[in-house]
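Report on one structure; see the data block that follows.
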Amino acid sequence: MTTTTPRTEIEPYDPGSVAQRWQQRWEADGLYRTPDHVEGQQNWYALTMLPYTSGDLHVGHWFAMAPSDVLARFKRMQGYNVLFPMGFDAFGLPAENAAIAGGVHPKDWTDANIERMRGQLKRMGAMFDWEREINSSDPSYYRWTQWWFLQLYRQGLAYRAEAAVNWCPSCNTVLANEQVIDGHCERCHTEVEQRQMEQWFFRITDYAEQLLDNDQLEWPEHVKRMQRNWIGRSEGTEVSFALETPTADGSDEIRVFTTRPDTLCGVTFMVLAPEHPLVSQITTEERRVEVEAYVEQARHTTEIERQATDRPKTGVFTGAYSVNRLTGERVPIWIADYALATYGTGAVMGVPAHDQRDFELAGKFGLEIRVVVAPPGWDGKPLSEAYLGRDGSQVSSGRFDGMPNAEGYEAIADHIVAQGWGERRVTYRMRDWLISRQRYWGTPIPILYCDDCGTQPVPEDQLPVVLPEDAEFKPTGDSPLKRHAGFLNTTCPQCGGPATRETDTMDTFVDSSWYFLRYVSPHDDEAPFDAEKAKLWGPVDQYTGGAEHAVMHLLYARFFVKMMRDLGLVDHGEPFLRLFNQGIVLSEHTKMSKSRGNVVAPDAYVSELGADVVRLYLMFMGPWEGGGDWSDAGINGIARWMNRAWDLATSPADALPAADGPADRDMTRRMHQTIRRVTTDIERFKYNTALAAMMELTNDMAPAFEARSVSQPVWAETVRRLLLLLAPMAPHVTEELWERTGNPYSIHAQPLPAWDDALAAVDEATLVVQVNGKVRERIAVPADISEADAKQQALASERVRAYTDGHDVTKVVFVPGRHLVSVVVK
């Protein structure tokens, strides 16, 4: 460690040269390279969501990453061995679309963006350990993404099936339900269609119950609630309705899942999803043309649209009937697009008196609406809307009449099970994860197809299945890899005969479902990660990122880690112990987007004002979880404060008293109060108030210095501790000032200053309150109480109010040196 002699002259703050100098020094010294173990230090894994390689970073990216860096630095100063890595989410549709539009290869576009973004991230001054950098489009990474696919496949958790999928005709690919917004592609905003296609899925529903259990996570409650709602656990009964006429292949029933067995006696029609395999078999000839037309129409409507509660209900009668085994009644079978083939059994029992969708369909087509759960006080008149309550009583329900419907629920369900007409079941709203994408720029699925041997996984020793760089990547509706003979044609690993490769690529959320574990050993050629190192670092202690990933990335990552645990590869079942969601930075009061032309790039501000000023402004503009509106006036105010702090730290202290300054006690108290406040605020991500506390301290320091009322030792210690507190937020300028004030390199290797509650305590005084010259109250108050607070406390006192209520208060005078408030009334 070296010590530098303090400089006595005041030099102006030059942010550009300061940042460049220290960034080069930190990199040369490997200051932020993280060992896997440090004797006497506990590991702490801090992680912010890796960015997509979209190109230039804007201030919104900085708002996600710079405050995350503050926490990582803060934990390091608290004595933890902190891992804070960075990488790039590099596969995906945006890269491919941009490459098509620009006439460049997706790899070239992506690599150029990574190079540019890496440089911009380094200018931020974050303590990323760049030796652990990952790139999800690099074969050394996606080799292991493919390896994970094979593990899922062998466990029966990856499978191929035909399914109705969301199809974007512009992007020419399948979209997950989460990527469809109001019936449109979230990327290009084209209206989405439905198609039947063979697709690969991950069986995430096998982990539904485990994924519901998220109470132990220190995550925002709204994120946990969104995940629970997305999973959508429902308890109920699966019930068999007999087909009046069995089909040609022998099918003689329709099974439905219901959460309301108490309403079974109110079934007046049956609804099948248009895609249900029974539709074509049971439809009568006189109804076939109309039914087929409706099926075709439904094919062009997304599931999201079909589930919209405000959408007018439509449907068509098939001409067929089923039989309600409980009542023996004949029930007409309709098709309607609000029934989904992918939810439950694809069939819905129509109970219009107790389901609003059924109520609207029945009202439109004149179907019977039969009340079987009477609302409290029901007068027997027709309902104006479906009664959904569960505090009624059974009516028109045969042997179950008169039962409270909670009792009827159990009794009817038990009867159905006892008769062999159904069984109690639990179902989930969440579907299995569809991972197939018909695009080029993604991880190839490691599967082969052989005419003799069938579907075959690629042997692990043949991974990675490399994405050919000379493929024609422009979309046509089929995967571009189908047109690349060198990729498509291969040899079966079982029989040695000809085989073809799967040409779909994986959803990019697969890449990001395990990346946090790759950081622990990013150059490992033998495994996706080193299991022993994963025990040292996992799970992630603090994860930060946007709440928009609640039901995609965050849920998928939880699924992956639970799968890894079950394979014995990790010793924990959750990826991220704590989660914090930052807000967004607005520009001109609206969300930043390239299409609006309101994106604020940080580069010019960094060049003029310095990275530290940009970092500080982003943390001061508002609560991190709330975000704020970018303002040039606001950042210039931060720049002025930074210059004032620089001047205070570099001002020669020779003229100050050598000891026993009259303001020493007050300055020491303010310093300890500031340490306490900044420490507790940063721990709670309250960066704006932590910075405000440091600003208040400098406001006290300046007049004390000018008045020469603080001694040299107290001043030096106040400056030293202020720099340590500010270091996580403004790493460059504090490193420079730390050296200039004679301290050993590096400030970022120093411990955080501690506070002493006794030294932070405010001295007390007795506030005397007079009313018309007579003492009426004595109040214990802080010795440095302000005039406004003194007057407020005096007038609020019950004893004082006994003399002021009902009188006009004509004057209130505060005498600070005597801690006296004089009140005059008439």
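If Ser396 passes every condition in (1) free of Cβ contacts under 8 Å to residues at least 24 places away in the same chain; (2) assigned to a loop (DSSP other than H, G, I, E, B); (3) within 25 Å of Pro332 (Cα to Cα); (4) small (Gly, Ala, Ser) but one, which one does it miss?
(1)
Of the numbered conditions (1) of a type in the set (Asp, Glu); (2) in a helix (DSSP H, G or I); (3) open to solvent by 10 Å² or more (accessible area, probe 1.4 Å), Asp56 satisfies every one except a single condition; which is it?
In the conditions (1) of a type in the set (Asp, Glu); (2) in a helix (DSSP H, G or I); (3) open to solvent by 10 Å² or more (accessible area, probe 1.4 Å), Asp56 misses (2) alone.
May I ask you to list pairs of residues, at least six apart or on different chains, whose Cβ atoms are under 6 Å apart, with the first in region 131-146 being at pLDDT 95 or above and the second being of a type outside the set (A, V, I, L, M, F, W, C) and surrounded by fewer than 18 Cβ atoms within 10 Å (Cβ to Cβ)?
Listed by first residue and then by second, the contacts come to Glu131/Arg33.
Output the number of the condition that Trp646 fails; it satisfies all remaining conditions of (1) open to solvent by 10 Å² or more (accessible area, probe 1.4 Å); (2) assigned to a helix (DSSP H, G or I); (3) hydrophobic (A, V, I, L, M, F, W, C).
Answer for Trp646: the failing condition is (1).
Hey, could you check region 339-390 for residues that are among the polar types (S, T, N, Q) and assigned to a loop (DSSP other than H, G, I, E, B) and say which is least open to solvent (accessible area, probe 1.4 Å)? Explain how you work it out, then say what you get.
Here is the first cut: in region 339-390, the ones among the polar types (S, T, N, Q) are 342, 345, 356, 384.
Imposing the further condition that a residue be assigned to a loop (DSSP other than H, G, I, E, B) reduces the set to 342, 345, 384.
Details: Thr342: 57, Thr345: 37, Ser384: 111 Å².
Top of the filtered list is Thr345.
Considering only region 78-113, state which residues are assigned to a helix (DSSP H, G or I), hydrophobic (A, V, I, L, M, F, W, C) and open to solvent by 10 Å² or more (accessible area, probe 1.4 Å).
We begin by selecting, within region 78-113, every residue assigned to a helix (DSSP H, G or I); these are 93-102, 106-113.
Among the residues that remain, those that are also hydrophobic (A, V, I, L, M, F, W, C) are: 93, 95, 98-101, 109, 112.
Matches in region 78-113: Leu93, Ala98, Ile100, Ala101, Trp109, Ala112.
When Arg596 is evaluated against the numbered criteria (1) outside any loop (DSSP other than H, G, I, E, B); (2) over 30 Å from Trp44 (Cβ atoms); (3) basic (Lys, Arg), which criterion, by number, is the only one it fails?
Only one criterion is unmet by Arg596, namely (1).
Does Asp69 satisfy being on the phi < 0 side of the Ramachandran plot, within 20 Å of the chain's Cα centre (by Cα) and either part of a helix (DSSP H, G or I) or modelled with pLDDT of 95 or more (or both)? Let's see the steps before the verdict.
Details: on the phi < 0 side of the Ramachandran plot: yes; within 20 Å of the chain's Cα centre (by Cα): yes; either part of a helix (DSSP H, G or I) or modelled with pLDDT of 95 or more (or both): yes.
Answer is yes for this residue.
Among strands (runs of 3 or more DSSP E) lying entirely in region 707-826, which contain 1 or more residues that are open to solvent by 60 Å² or more (accessible area, probe 1.4 Å)?
On the way: elements: 764-771, 774-782, 809-815, 820-825.
Fully inside region 707-826 and qualifying: 764-771, 774-782, 809-815.
Can you tell me which residue in region 152-172 is nearest to the chain's Cα centre (by Cα), limited to those that are at pLDDT below 85 and of a type in the set (A, V, I, L, M)?
Ranking the candidates gives Val165 first.
Give me the strands (runs of 3 or more DSSP E) completely within region 403-494, filtered to those with at least 1 residues that are among the acidic types (Asp, Glu), ordered by residue number.
Filter on region 403-494 gives 422-428.
Confirm whether Ser396 is open to solvent by 60 Å² or more (accessible area, probe 1.4 Å) and among the hydroxyl-bearing types (Ser, Thr, Tyr). Can you show your working first?
Details: open to solvent by 60 Å² or more (accessible area, probe 1.4 Å): yes; among the hydroxyl-bearing types (Ser, Thr, Tyr): yes.
Yes: the conditions hold for Ser396.
May I ask you to list the residues in region 299-321 that are out of contact with any helix residue (DSSP H, G or I) (no Cβ under 8 Å at 6 or more places or on another chain), open to solvent by 50 Å² or more (accessible area, probe 1.4 Å) and of a type in the set (D, E, K, R)?
Answer for region 299-321, where residues must be out of contact with any helix residue (DSSP H, G or I) (no Cβ under 8 Å at 6 or more places or on another chain), open to solvent by 50 Å² or more (accessible area, probe 1.4 Å) and of a type in the set (D, E, K, R): Arg299, Asp310.
Based on what the data block shows, is Phe685 open to solvent by 10 Å² or more (accessible area, probe 1.4 Å), of a type in the set (Phe, Trp, Tyr), outside any loop (DSSP other than H, G, I, E, B) and modelled with pLDDT of 95 or more?
Judged against the criteria, Phe685 is not a match.
Which residues, counting only those in region 599-629, are aliphatic (A, V, I, L, M) and in contact (Cβ under 8 Å) with a residue 12 or more places away in the chain? It would help to see each step written out before you state the result.
From region 599-629, those aliphatic (A, V, I, L, M) are 599-601, 604, 606, 609, 611, 613-614, 616, 618-619, 621; that's our starting set.
Within region 599-629, Val599, Val600, Ala601, Val606, Leu609, Ala611, Val613, Val614, Leu616, Leu618, Met619, Met621 meet the criteria.
Looking at (1) within 22 Å of Val271 (Cβ to Cβ); (2) free of Cβ contacts under 8 Å to residues at least 40 places away in the same chain; (3) touching a Pro at 6+ places or on another chain (Cβ under 9 Å), which is the only condition Ala413 fails?
Of the numbered conditions (1) within 22 Å of Val271 (Cβ to Cβ); (2) free of Cβ contacts under 8 Å to residues at least 40 places away in the same chain; (3) touching a Pro at 6+ places or on another chain (Cβ under 9 Å), the odd one out for Ala413 is (2).
Are there any pairs, at least 6 apart or on different chains, whose C-beta atoms fall under 9 Å, with the first in region 693-705 and part of a helix (DSSP H, G or I) and the second of a type in the set (D, E, K, R) and open to solvent by less than 30 Å² (accessible area, probe 1.4 Å), and if so, which?
Correct list of pairs: Ala693/Asp681.
Examine region 284-295 for a residue that is without any contact (Cβ under 8 Å) to a residue 40 or more places away in the chain and of a type in the set (Lys, Arg), and state whether such a residue exists. Even if it seems obvious, please write down each step before you answer.
We begin by selecting, within region 284-295, every residue without any contact (Cβ under 8 Å) to a residue 40 or more places away in the chain; these are 284-290, 292-293.
So of that shortlist, the ones also of a type in the set (Lys, Arg) come out as 287-288.
Looking through region 284-295, at least one residue is without any contact (Cβ under 8 Å) to a residue 40 or more places away in the chain and of a type in the set (Lys, Arg).
Does Asp470 qualify as being open to solvent by 40 Å² or more (accessible area, probe 1.4 Å) and over 24 Å from Leu152 (Cα atoms)?
Working: open to solvent by 40 Å² or more (accessible area, probe 1.4 Å): yes; over 24 Å from Leu152 (Cα atoms): yes.
When the stated conditions are applied, Asp470 passes them.
The values are calculated or read from the model by the stated rules, or taken from the named source; none is laboratory data. This one's a predicted model, so the numbers in the text were calculated from it and none came from an experiment. All Cβ positions, even for glycine, are placed from backbone atoms using ideal geometry, and neighbour counts span all protein chains on display. What goes into the accessible areas is simple: the full protein's heavy atoms, side chains included, and nothing from ligands, DNA or RNA. Shrake-Rupley method; radii C 1.70, N 1.55, O 1.52, S 1.80 Å.
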